[in-house]
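The values are calculated or read from the model by the stated rules, or taken from the named source; none is laboratory data. All of these numbers come straight from a predicted model, not from anything done at the bench. With ideal geometry, Cβ positions are generated from the backbone for all residues, glycine too; neighbour counts draw on all protein chains shown. All accessible areas refer to the heavy atoms of the entire protein, side chains included, with ligands and DNA or RNA removed. Shrake-Rupley method; radii C 1.70, N 1.55, O 1.52, S 1.80 Å.
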Amino acid sequence: MLKHLYYALAIATTLLMTPSCRQNTPEQDGLGHHHHHGHEHGHEGHDHDHDHDGHNHEHEHDHDGHNHEHDHDHEGHSHEHSSEPAGAIHLEPEQAEKFGVEVTKIAPSEFAEIVKVSGQIESAPTDQSIITANASGTISYARNITEGSSVKNGTTIATITGHGIAGGDTNEATKAAYDAAKRELERITPLHNEGIVSTKEYNEAKQAYEQAAAAWSGRTSGGSAVSHQNGVITQLLVKQGEYVSTGQPIAVISGNTRLTLRADLPEKYYNFMPTIVSANFRPTYSDQTISISDLHGQRIGGTTAVVGTRAGYLPVYFSFDNNGSAVPGSFAEIYLIGGTRSGVISLPIEAVSEQQGLNFVYIRLDEDCYEKRNVTLGNSNGKTIEIKKGLKPGEEVVTTGMTFVKLAESSGAVPEGHSHSH
């Protein structure tokens, strides 16, 4: 706030010390109004000495040399009419440069059709992995493992044990079965070689061993849950100390290198869906609008409408790189971008000022003169906005540093040369 007050005082001081907006002077445009009302009409010989019934009317009309002098000199009321427009805003080029004021010349161009919707940022399915239990038992998470924790490939996030539960430790039972099958095969093999044991018995013993070995080989990790990629734990699906079965999901890990944007398009825009090519979005926690195309994003899932989880809405999906500006799980305001129209005047959103329900822009008339202009707005894509009325091609609009032009407008300084001394 103090910064803006400082700029306002600086601009006001500059305005009081500098000349008025240099539009065409009266001499240049032939419209010089030096109002010194001396009525000199081109009529000769009007010497009106009327004597009506004793009324002596002496009308001294100085028409071309006659003495009719209407010198409207109301106690020094001198009107010097400047040629600058009403409400002109003065800002010296040096000050405009100092405060970063920049203008853009208006030129019609292509503008995409936009539909504004809501949606959510999600982790990309291909960027997620699920950690499952490789044994049955109670789970115990490793130290510092919580949702949001970063993990590396090979990190043990939990151990599983069957001690203290009904039925005993299944890991130990499986190991015991394996050991027994192994001893039996080792006993029967030499007997089979000597012909004492039949081939059928040998094959049965061998099969039992292989089954026991397969059951035990999956538990060589010692009943632990291990991450198979670098990433962030986005979900812990079971609680500390909870019983889990073999193959049960324990946690979800997201690499967060690729994200998905889900836009919920109202069904009434069904015909707009096939034309959607891109999107801009603004997360609820940020004022910044992010372009999908800037993050190497693209639409996924095709252009065919599918029924979503929200009744009355059609989901539209985009995949994009995560540069750290988007948080999985957060909601967003989304601008779906469709087909383009040509010949449209548009400006950056920052160039438009909303004041008391009306929208304005600032036009530069010449190097040190600006004008406030009311405009009618159209569609917005989150970054630029369509101007339907109020601007013409070739006009120069303030697109950067508008705040300082507004401060110059509100400073109340009357430029030198525009004096109304009453």
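Modelled label positions at SER150 and VAL232, each set 7 Å beyond Cα in the direction of Cβ, lie 1.0 nm from each other. When you count the other C-beta atoms within 10 angstrom of each residue and take the mean per peptide, 93-102, 191-200 line up highest first as 93-102, 191-200. Other residues whose C-beta falls under 13 angstrom from the C-beta of GLY339 contribute a net charge of -1, scoring Lys and Arg +1 and Asp and Glu -1.
Applying 0.36 nm per residue to the separation of THR189 and THR275 and subtracting their alpha-carbon distance, the gain on full extension is 23.8 nm. Computed over the Cα atoms of region 246-298, what is the convex hull's projected area averaged over all directions, in nm²? If you wrap the Cα atoms of region 246-298 in a convex hull and average its projections, you get 6.6 nm². In region 217-372, the portion of solvent-accessible area held by carbon and sulfur atoms comes to 51 percent [1.4 Å probe, whole percent, DNA, RNA and ligands not counted].
The alpha-carbon positions of region 311-415 define a convex hull whose volume is 195 Å³ per residue.
For VAL252, neighbours were defined as the other residues whose beta-carbon sits under 13 Å from its Cβ, and their charges (Lys and Arg +1, Asp and Glu -1) total -3. Net charge near GLY119, counting Lys/Arg +1 and Asp/Glu -1 over other residues with Cβ under 12 Å of its Cβ? So the surrounding residues net to +1. Once region 101-167 is represented by equal point scatterers at the alpha-carbon sites, with solvent omitted, what log10 I(q)/I(0) does the Debye formula produce at q = 0.15 Å⁻¹? Those come out to -0.77, one per q. Convex hull volume of the C-alpha atoms in region 190-298, normalised per residue: 287 Å³. Pairwise Cα distances in region 243-334 exceed 18 Å for 52 percent of all pairs.
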